[in-house]
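The values are calculated or read from the model by the stated rules, or taken from the named source; none is laboratory data. Note that the coordinates shown come from a computational prediction; the quantities given were computed from them, not determined experimentally. Every residue, glycine among them, receives a Cβ derived from its backbone with ideal geometry; neighbour counts consider all protein chains shown. Just so you know, the surface numbers come from the protein's heavy atoms only, side chains and all, with ligands and any DNA or RNA stripped out. Shrake-Rupley method; radii C 1.70, N 1.55, O 1.52, S 1.80 Å.
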Amino acid sequence: TIEEHQQQIDARSVIQFEMREILDEHLEQGSINLPVSAVPPLLINRRDPDPTRSLKQFMQQRSGKIVIAAESGGRREMLLEILREQKVHPASVDGWQQALSGPGPSIAVAALTRGFILDAADTAVISEYELFGKAQPRKRRRRVRDPEALINDLTNLHAGAPVVHTDHGVARYRGLTTLQIDDMTTEFVTLEYAGGDLLHVPVSSLQLISRYTGASPENAPLHRLGSDQWARVRRRAAEKARDVAAELLALYAKRAARQGTSRHYDPAEYAVFAESFPFALTEDQSRAIDDVLDDLTSSRPMDRLVCGDVGFGKTEVALRGAFVTVAGGGQVAILVPTTLLAQQHYQTFKDRFSEWPVKVEVLSRFRSQQETRQVLEGLADGTVDIVVGTHRLLQNRSGFRNLGLVVIDEEHRFGVRHKEKLKALRTEVDILTLTATPIPRTLNMALGSLRELSLIATPPDSRLAIKTFVTHWEARVIREACLRELKRGGQVYFVHNRVQDIEKIAAQVAEILPEGRIEIAHGQMRERELERIMQDFYHRRFHILVCTSIIESGLDVPSANTIIINRADRFGLAQLHQLRGRVGRSHHQAFAYLLAPPKEALTDDAVSRLEAIESLEDLGAGFVLATHDLEIRGAGELLGEGQTGQIHEIGFALYNEMLTQTVSAMREGVELDLETASHHGPEINLHLPALLPEDYLPDVHLRLVQYKRIASAKSGQDLEVLQVELVDRFGLLPAATRNLFRITALRLKTEALGIQRIDASNAGGFIEFDP
């Protein structure tokens, strides 16, 4: 029972590591102080004639154990090489047990950021930080930059998930299978088709398989092996792709024929403006900014979508674009979905442009009629350079003297009518759209290369992922969550999206948490009152804000780091992600609690939405969430309003590939036969074991991802990068893995030569060419 379980836990000691020193008299009963001291930094100095002098001195002074911790197997090999050259010979060990029991210094794999000396045990642990004086740049988990690769990526694949095989259609993934063929061990990906037929695909041909996105996994159409059903489906999709491609090209042509305005600006002034950004840019942010500046300075009209998670610095991209536009004599309009967000952007832009002769104004419900009239006059005569506003800005498009750039924040919050107005704008001015979760159709357009896309997938350095829990309404959980936040001086959002009974909910929260001051906010309140409450919350005059989803794109409140969302099953995925992004805006650990009824009472859609958001607490999940949205809602047709159709039949990845091929063929004026176009690439059998052995890479899931990356490599250079990465992460390559790389390299060469098949062994072999 739970009680017995609790008794067993209570009977044990708890170890708590604190970075600060606790005086003995303040220690709780049963606590022990384990005093640790620091290891001196820069023990290896490459500039010194004897680089390891400090390390040797440190080792001589110590009588106890010394363990060196390397980041990975590959780094351990490299460190051993450096140390042996300098006549230092630590023993290479596989774990702490071995390290602490053997004689002399040793080196083990342990990703520690800092070392320490444990005086009581006379043991010193040295990390790479102390050896080289700076932390090894942690390899960020390799983010797939290319949006299409994200969708083709097999990362979140689990048994039973639908996948598409280019030649055989949609099947269910059943896992990796190891088979003995001709006395050779080979690994295959096993797929199950309609009627239970199994297909084993060799891992070297994994480029033929992609994730199926286009309908929810349970509704994915399964095809029959060996029937002409898949051929018919592909033919229909190919015809459709041809029509859409023609339409796309007409659109391209229209945009290409139109002259945009190329903006000129003074690089020195721009550098001064950029300097006033108080944070270091992340790599992705720099790239997005470069993309926008390239677009603005070219003569082509810009239509760019910047997709970055909540709080990843999309606003900075817009600020710099606005600076360049204003410097080049244009006006900037920033369109936001809510009045609250308008106020916040207005503040941000006003602050950043305060040192420059640039006039920033805001148009929203909070302005009086006279103020609104003055702003409109300023826009017409050119004295207002930048205006922030809600869709009221769209009402009079001709009211600008020289509109150059329109920035649209959170496009998915605008209605269809407003979007039509925005579409009309696209033909005349530069458009920059900022979004945290691109809605499926916007995403489709970006991927169908109708619009340029910049991804900001790396979080700012100090940001932590938001811990997310899906749970039921339980007073104990709510009290615990709120108290934890209040005790560290923070604030809490409590989201309940029904105005009718929000007061009842607020009363319940007050009952659960009598020590917290509570206020209510929703969209049906008087504007001034709403503004007052939001400002009070911002200035920490009360603890808990019970509100509707009005905060979805509201104020930045760095001190609010816990959010509780009631009836989370009633929200869309993008909306849940947006709401969760309200917390964790500072360096504190943030928490999100999604309250929902038990699974049995929910629809399948709601369950998959909640599972998706819980599994993706990783920062930068916005883009992956949008692809989940593609699966849950069904990918919208690229240019039609219909939500089903070809994408549902053959999956988004393959449809997109067909479309891209057709567009490029039409551009070059080539006739492309998509149904018969072979996708296999050459088949190569050298009768050698070619796989990632289980003892080299035990995690099945990781193996699958690495196989897919190797099979999808486009050039020898890609393969080289992958090889270096594998050695760095898992140690030297076994012979079977080297074979896998060599066979893949051979496939890339033979493809270009029009070879269909190579079969070779010690006894000889043959080569088969294309007709």
Subject >> Qualifying positions in segment 94-129 - over 34 Å from the mean Cα position of the chain (by Cα) and closer than 15 Å to Ser72 by Cβ >> reply: Ile107
Subject >> Candidates Ile520, Ile550 - the one that is open to solvent by 20 Å² or more (accessible area, probe 1.4 Å), assigned to a strand (DSSP E or B) and in contact with a strand residue (DSSP E or B) (Cβ under 7 Å, 6 or more places away or on another chain) >> reply: Ile520
Original post:
Taking only pairs six or more apart or across chains, which ones have beta-carbon atoms under 6 Å, a first residue in segment 274-287 that is in contact (Cβ under 8 Å) with a residue 40 or more places away in the chain and open to solvent by less than 40 Å² (accessible area, probe 1.4 Å), and a second residue that is of a type in the set (Ser, Thr, Tyr) and in a loop (DSSP other than H, G, I, E, B)?
Top reply: Thr282/Thr458; Asp284/Thr458
Original post:
So, in segment 683-700, of the ones that are surrounded by 15 or more Cβ atoms within 10 Å (Cβ to Cβ) and under 21 Å from Ser72 (Cα atoms), which residue ends up farthest from the chain's Cα centre (by Cα)?
Top reply: Pro693
Original post:
Going through segment 328-343 one residue at a time, which ones are surrounded by fewer than 21 Cβ atoms within 10 Å (Cβ to Cβ) and either aromatic (Phe, Trp, Tyr) or under 33 Å from the mean Cα position of the chain (by Cα) (or both)?
Top reply: Pro337, Thr338, Gln343
Original post:
Going through segment 637-666 one residue at a time, which ones are within 19 Å of Gln229 (Cα to Cα) and modelled with pLDDT of 75 or more?
Top reply: Glu649, Ile650, Gly651, Leu654, Tyr655, Met658
Original post:
Take the residues of segment 264-301 that are of a type in the set (S, T, N, Q) and assigned to a loop (DSSP other than H, G, I, E, B): which is farthest from Val324 (Cα to Cα)?
Top reply: Thr282
Original post:
Just to be sure, is Gly399 free of Cβ contacts under 8 Å to residues at least 24 places away in the same chain and surrounded by fewer than 19 Cβ atoms within 10 Å (Cβ to Cβ)?
Top reply: yes
**OP:** Name the single residue, out of those in segment 590-599 being out of contact with any helix residue (DSSP H, G or I) (no Cβ under 6 Å at 6 or more places or on another chain) and exposed (fewer than 14 other Cβ atoms within 10 Å of the Cβ), that is farthest from Leu341 (Cα to Cα).
**Re:** Pro598
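Restricting attention to segment 357-371, report how many residues are over 22 Å from Gly328 (Cα atoms), without any contact (Cβ under 8 Å) to a residue 24 or more places away in the chain and surrounded by fewer than 18 Cβ atoms within 10 Å (Cβ to Cβ).
4
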Original post:
Any idea which residue in segment 703-755 is modelled with the highest pLDDT, counting only those that are out of contact with any helix residue (DSSP H, G or I) (no Cβ under 7 Å at 6 or more places or on another chain) and acidic (Asp, Glu)?
Top reply: Glu720
**OP:** Might you check whether a residue that is open to solvent by 40 Å² or more (accessible area, probe 1.4 Å), out of contact with any Cys (no Cβ under 7 Å at 6 or more places or on another chain), charged (D, E, K, R) and in a loop (DSSP other than H, G, I, E, B) occurs anywhere in segment 488-495?
**Re:** yes
**OP:** Would you check which residues across segment 377-393 are open to solvent by 80 Å² or more (accessible area, probe 1.4 Å) and in contact with a strand residue (DSSP E or B) (Cβ under 8 Å, 6 or more places away or on another chain) and list them?
**Re:** Arg392
**OP:** Could you grab the pairs with beta carbons closer than 8 Å, sequence gap of 6+ or different chains, first residue in segment 558-584 and more than 18 Å from Met534 (Cα to Cα) and open to solvent by 10 Å² or more (accessible area, probe 1.4 Å), second one among the aromatic types (Phe, Trp, Tyr) and not in a strand (DSSP E or B)?
**Re:** Asn566/Trp473
